[in-house]
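Step one of this worksheet: look at the structure below.
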Amino acid sequence: MTTEIARGDVKDMALAERGKVRIEWADATMPVLALIRRRFAQEKPLTGVKIAACLHVTTETANLMRTLKAGGAEVSLCASNPLSTQDDVAAALNAYYDVPTYAIKGEDRDTYYRHIDQVLDTRPNITMDDGNDLVTRIHQDRPDLVEGIFGGTEETTTGVIRLQSMQREGALTYPIIAVNEALTKHMFDNRYGTGQSTIDGLLRATNVLLAGKRAVVAGYGWCGRGVASRLSGLGANVIVTEVDPVRALEAVMDGYLVMPMAEAAKVADVIITVTGDINVLDGEDFAVMKDGVIIANTGHFNDEINIPQLEAMSQSQKVLRDFVEEFVVEGKRIFLLAEGRLLNLSAAEGHPAAVMDMSFANQSLSAEYLTRNKGSLPVGVYPVPKDIDHHIAELKLKSMGIDIDVLTEEQKRYLASWQSGT
Ligand code: ADE
């Protein structure tokens, strides 16, 4: 049942209590964000700022929303993917946290964009995006909103690549901080977060035994590195496909087989795409796959696997269990997971809270930075300031009870000098 309520649009408000309990569970492993929330509650650095967020609607995102609200912001939220919403969280955000939330797991394309528009109807001052759909909507269809916006943030690699294209073409109209580029974001969220949560999605959807299987990972960026390492840890023989020679070389020296997809597709038991590009698995690959191969995507958009082509080549198509669809191509079964949408957030719960802690600390502090520098940042794509990045690493280590060494004065002087040598 879909419940349209005064503020927000969610599947079922009766799920709100369950969502609240799960949000609090996640909060217990987000200590850095909690610290920021406590400071925000005292200092109110976001007073009067309207934030439109288009993010995966998860327990971790709910804790980010609570933090922004503690800072005095007015926040509304829609989904950044039609299949990643946790319906109980969406209900709880409306019911308990005063965050109008427009998101229903499995929503169709029209509903997805209606929800984006509803969030934009608040006429935000800051956009907080994951994949750039919000920013694209503003620039293509709602340019009247730009005059009220003083900045934005972007969570993910795909979104940052799109922002850079916008900047190159002179299309971007306000400053946006590329949160993904912070070291405390991509080195942990993209690698360990995607690594673990993708396996989680794969196992929840299929319960497949990975030991001894041939698992292909397409793309060896930070996310691909994480997925390959976790598949390997579970005993799979990992093959990596790449287009970048340096990354391919890194994969070789990390101990994986590297080969073109045309070869890998013939021997794979499992294939996971995580490249950020389209048609990484295409007709010629489907044609040579083994009977029973599992294919899935964990990149941002659902165009890495050419699903229309797979449908066109199939004699039959049927859903076998949640998030598993069987396609029969020339008598061979190909199992597609989660409609080719990001597996970790569709079939599982996304990255663990402990890693989203740092990503969303970056988001919170970037929103504060944008507000403090309102009007003074030229249009462009910005990194998270280095001091923020380092501060988050320090807080995270502290929360884990880990101390590190500090440079002595003598060591500092040595590092700053050039005179002494062999
Ligand atoms: N992206 C990946 N995992 C996520 C999560 N748990 N919450 C929000 N965005 C995510």
For the chain, Kirkwood radius (reciprocal of mean inverse C-alpha pair distance, Å): 22.4
About the Cα centre of the chain, how large is the charge dipole given +1 on each Lys and Arg Cβ and -1 on each Asp and Glu Cβ? Please answer in debye to the nearest 20. 800
Which listed residue (ASN180, SER366, MET313) has the Cα farthest towards the positive end of the charge dipole for the chain, taking +1 on Lys and Arg C-beta and -1 on Asp and Glu C-beta about the Cα centre? SER366
Provide VAL10, VAL406 in ascending order of the number of other Cβ atoms located within 10 Å of each residue's Cβ, fewest first. VAL406, VAL10
For a test of the definition: using alpha carbon positions, the gyration tensor, and the 1.5 limit on a/c, classify region 128-220 as rounded, prolate or oblate. prolate
What 222 nm value per residue comes from the helices of the chain, counting each DSSP H run with n ≥ 4 as -39,500 (n - 2.57) and dividing by all residues, nearest 500 deg cm²/dmol? -13000 deg cm²/dmol
What residues have an amide H closer than 5 Å to that of CYS54, excluding those fewer than 5 places away on the same chain, when H is modeled at 1.01 Å from N in the peptide plane? CYS78, MET128, ASP129, ASP130
The farthest towards the positive end of the charge dipole of region 28-140, of the residues ALA41, ILE104, LEU77, given +1 on Cβ of Lys and Arg and -1 on Cβ of Asp and Glu, is ALA41
Under 8 Å for C-alpha pairs, at least 6 residues apart: give me the relative contact order for the chain, rounded to a whole percent. 16
In what sequence, highest mean first, do 358-366, 36-44, 313-321, 147-155 appear when ranked by Cβ atoms within 10 angstrom? 358-366, 147-155, 36-44, 313-321
Looking only at lysines whose Cα falls under 19 Å of LYS105's and that sit 8 or more positions away or on another chain, we get LYS11, LYS20
So in the chain, what percent of DSSP beta bridges are antiparallel if you round to the nearest 5? 25
Using the Karplus curve 6.51 cos²θ - 1.76 cosθ + 1.60 with θ = phi - 60°, work out ³J(HN,Hα) for each residue of region 408-421 in order, rounded to whole Hz, and write x for Gly and Pro. 6, 4, 4, 5, 4, 4, 4, 5, 8, 9, 9, 6, 7, x
Looking only at lysines whose Cα falls under 16 Å of LYS332's and that sit 8 or more positions away or on another chain, we get LYS266, LYS290, LYS318
Cα centre as origin, Lys/Arg/Asp/Glu Cβ charges: region 197-316 dipole, Debye: 480
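Throughout, read-outs are computed from the coordinates displayed, never taken from laboratory work. Since we're looking at a predicted model, the values are computed, not measured. All Cβ positions, glycine included, derive from the backbone under ideal geometry; neighbour counts span all protein chains shown.
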